[in-house]
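Report on one structure; see the data block that follows.
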Amino acid sequence: MHRITTLAVAAFALGIAAAALAAEPLKIGLVLPVSGPFAAYGKQIEHGVRLYLTTHGDTVAGRKVELIIKDDSPGTSGDISKRLAQELVVKDKVDVLAGFGLTPSALAVAPLATEAKKPMVVMNAATSSITTRSPYVLRTSHTLAQDTAPMATWAANNKIRKVYTLVADYGPGHDAEEQFKKTFTAAGGEIVGDVRVPVKNPDFAPYLQKIKDTKPDAVFLFMPPGSETIAFMKGFKDRGLADAGIRIIATGDLTDEDILNAVGDSALGVITAFHYSQVHDSPENKAYTEAYAKAYPKDRANFMSVAGYDGMHLIAAVIEKTGGSADPEKFVAAAKGMSWVSPRGKITIDPDTRDIVQTVYIRKVERVGADLQNVEFDSIPDVKDPVKEDPAKR
Ligand code: PHB
């Protein structure tokens, strides 16, 4: 009798412990620039994460999702991002680190994810090497090389022979430049000049003059979207490069829906390669953009919002699969090879690299109703990060 009572008490206590665990919130710490020059990145990613929770429910495997946002403005200082991520781990005791608008932020936090044993879901920062900096990093955005290689192939196949490259002088710019040169020259194209410009406030006048004098068929470009990309596009037109017959080709970061209307008609006709367009034609994107417009009527769904939405999808699907555990080994094992249909099309977490595999679309800027839009006209399915084709770079 005594033994039965003891067992019953033990079982009762275990039940309480299990219920307590089930009731533990799932804390997600988002490190994002929500103020400063890249505030739009934080806003869009946060919108995407929240939209996922409002459309799919905010409880996962019995755990209510709690978002804790830390503003790492300007987003380009690794030290700030690292200190805030440390706070999220030590004080807030988050289960998952996520967000990361810009490369310096993700690079600075990756070693901490390893040390603190936290899964880290990168929702924008797009330098290839980020996923190699911790075995706990997963990415739901893109890599620059992934969008650049199809752009270079398209250019070579479409009578563009001589290209001048202009990129922001940091990780994603370097990756874009390197991949463009590699793919374009392998296809017979010629690079007639290259320049790396400061990430913030470059004076474009001398670069534009030099490009105009060099007379390439096109300029290939990567800069993080913002006031700089708007200034470049306007300068390109005002200084007569467009009239001289020079074309702009780029990854879709240049024609981000968040800034496209501000660029105005000088963006018309620009060809880009990218993994998301607001007017991507699919039932999933129709549902997504309608829900987004309803929730955030002042903003346009863009690639950052979708990466936030898919990043939250990944976290939710993984936690369901692990039965509520955010243990980093279990988390990463569950995420590897996971595949689903996103508003951008089918996406998969590459089991070998933890990076995203997705369709890259070739698009042209056109006016659609009241807005400038990236209208897709070609697509390349299942594109992996080309940098990691070399196993030594995984
Ligand atoms: C980055 O810093 O990694 C970055 C920022 C903006 C982009 C893409 C990449 O559009």
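The values are calculated or read from the model by the stated rules, or taken from the named source; none is laboratory data. Every value quoted in this text rests on a predicted model; they were computed, and no experiment measured them. Cβ coordinates were reconstructed from backbone atoms using ideal geometry, including for glycine residues, and neighbour counts include every protein chain displayed. With ligands, DNA and RNA removed, areas are computed over all heavy atoms of the protein, side chains included. Shrake-Rupley method; radii C 1.70, N 1.55, O 1.52, S 1.80 Å.
Observations
- Inter-part distance where the range 53-112 and the range 248-318 are each reduced to a Cα centre, Å: 22
- A Cα-only calculation for the range 58-151 places Rg and Dmax at 13.6, 44 Å.
- Heavy-atom accessible area with a 1.4 Å probe sorts R247, R354, largest first, into R247, R354.
- Potential extension, T59-R161 segment - 0.36 nm per residue separation minus Cα distance: 31.4 nm
- Derived scalar couplings ³J(HN,Hα) [the range 102-111; Karplus, 6.51 cos²θ - 1.76 cosθ + 1.60; whole Hz; x for Gly, Pro]: 10, 3, x, 5, 5, 5, 6, 8, 3, x
- Förster radius 35 Å - calculated FRET efficiency between N201 and V90, Cβ distance, rounded to 0.05: 0.50
- Accessible-area value, E66, 1.4 Å probe, nucleic acids and ligands omitted, Å²: 80
- Relative contact order for the range 104-201, counting Cα pairs under 8 Å that sit 6 or more residues apart, in percent: 24
- Helices in the chain, meaning DSSP H runs of at least 4 residues, each add -39500 (n - 2.57). Divided by all residues, the mean residue ellipticity at 222 nm is -13500 deg cm²/dmol.
- For K64, distant residues with modelled amide H under 5 Å away: L26
- Karplus-derived 3J(HN,Hα) values for the range 57-73, using 6.51 cos²θ - 1.76 cosθ + 1.60 with θ = phi - 60°, are x, 9, 10, 10, 6, x, 9, 7, 6, 10, 9, 10, 9, 10, 7, 9, 3 Hz; glycine and proline are entered as x.
- Selection from V109, N124, N302 lying farthest towards where the dipole of the chain points positive, charges on Cβ: V109
- Angle between the chain longest axis and helix 283-295 axis [Cα atoms, degrees, rounded to 10]: 80
- FRET E, pair K286, K393, Förster distance 35 Å, beta-carbon r, rounded to 0.05: 0.40
- Counted over the chain, the DSSP beta bridges are approximately 40% antiparallel.
- Amide H contacts of I69 (H built 1.01 Å from N, in plane; Pro and chain starts excluded): L30 sit under 5 Å, all sequence-distant by 5 or more or on other chains.
- Amide H to amide H, with H built 1.01 Å from N, V195 comes under 5 Å of T165, L166, V167, counting only residues 5 or more places away or on other chains.
- Normalised by 2.2 N^0.38 Å, where N is the number of residues, the alpha-carbon radius of gyration of the chain equals 1.05.
- Between helix 227-238 and the chain: long-axis angle, C-alpha atoms, 0 to 90°, nearest 10: 20
- Relative contact order of the chain, pairs being alpha-carbon contacts under 8 Å that are 6 or more residues apart, as %: 17
- For a straight C-alpha distance cut-off of 19 angstrom, the aspartates and glutamates reachable from K388 (same-chain residues fewer than eight places away being disregarded) are D147, D175, E177, E178, D350, D352, D355.
- Share of carbon and sulfur in the accessible heavy-atom surface of the chain [1.4 Å probe, %]: 54
- Modelled FRET efficiency - R0 45 Å, D327 with D299, Cβ distances, 0.05 increments: 0.80
- When its C-alpha radius of gyration is set against 2.2 N^0.38 Å (N residues), the range 223-301 gives a value of 1.23.
- Per residue, in Å², the accessible surface of the chain once ligands and nucleic acids are set aside, probe 1.4 Å: 40
- For the range 381-390, 3J(HN,Hα) computed residue by residue from phi via the Karplus equation (6.51, -1.76, 1.60; θ = phi - 60°) reads x, 6, 7, 8, 5, x, 4, 8, 4, 7 Hz, glycine and proline entered as x.
- For the range 290-376, the spread of Cα positions along the three principal axes, ordered from largest to smallest, is 47, 28, 15 Å.
- The angle between the Cα long axis of helix 303-321 and the main principal axis of the chain comes to about 30°, on a 0 to 90 degree scale.
- Flagged links, alpha-carbon separation over 23 Å, of K70/K346; K159/K364; K82/K200; K93/K346: K70/K346; K93/K346
- Restricting attention to the range 269-339, the count of lysine pairs at 8 or more positions apart or across chains with alpha carbons under 18 Å apart stands at 4.
- Placing +1 on the Cβ of every Lys and Arg and -1 on the Cβ of every Asp and Glu, with no other charges, gives the chain a dipole of roughly 380 debye about its Cα centre.
- The range 106-160 - convex hull of the alpha-carbon atoms, volume per residue in Å³: 68
- Computed on the range 68-132, with alpha-carbon pairs under 8 angstrom and 6+ residues apart, the relative contact order is 34 percent.
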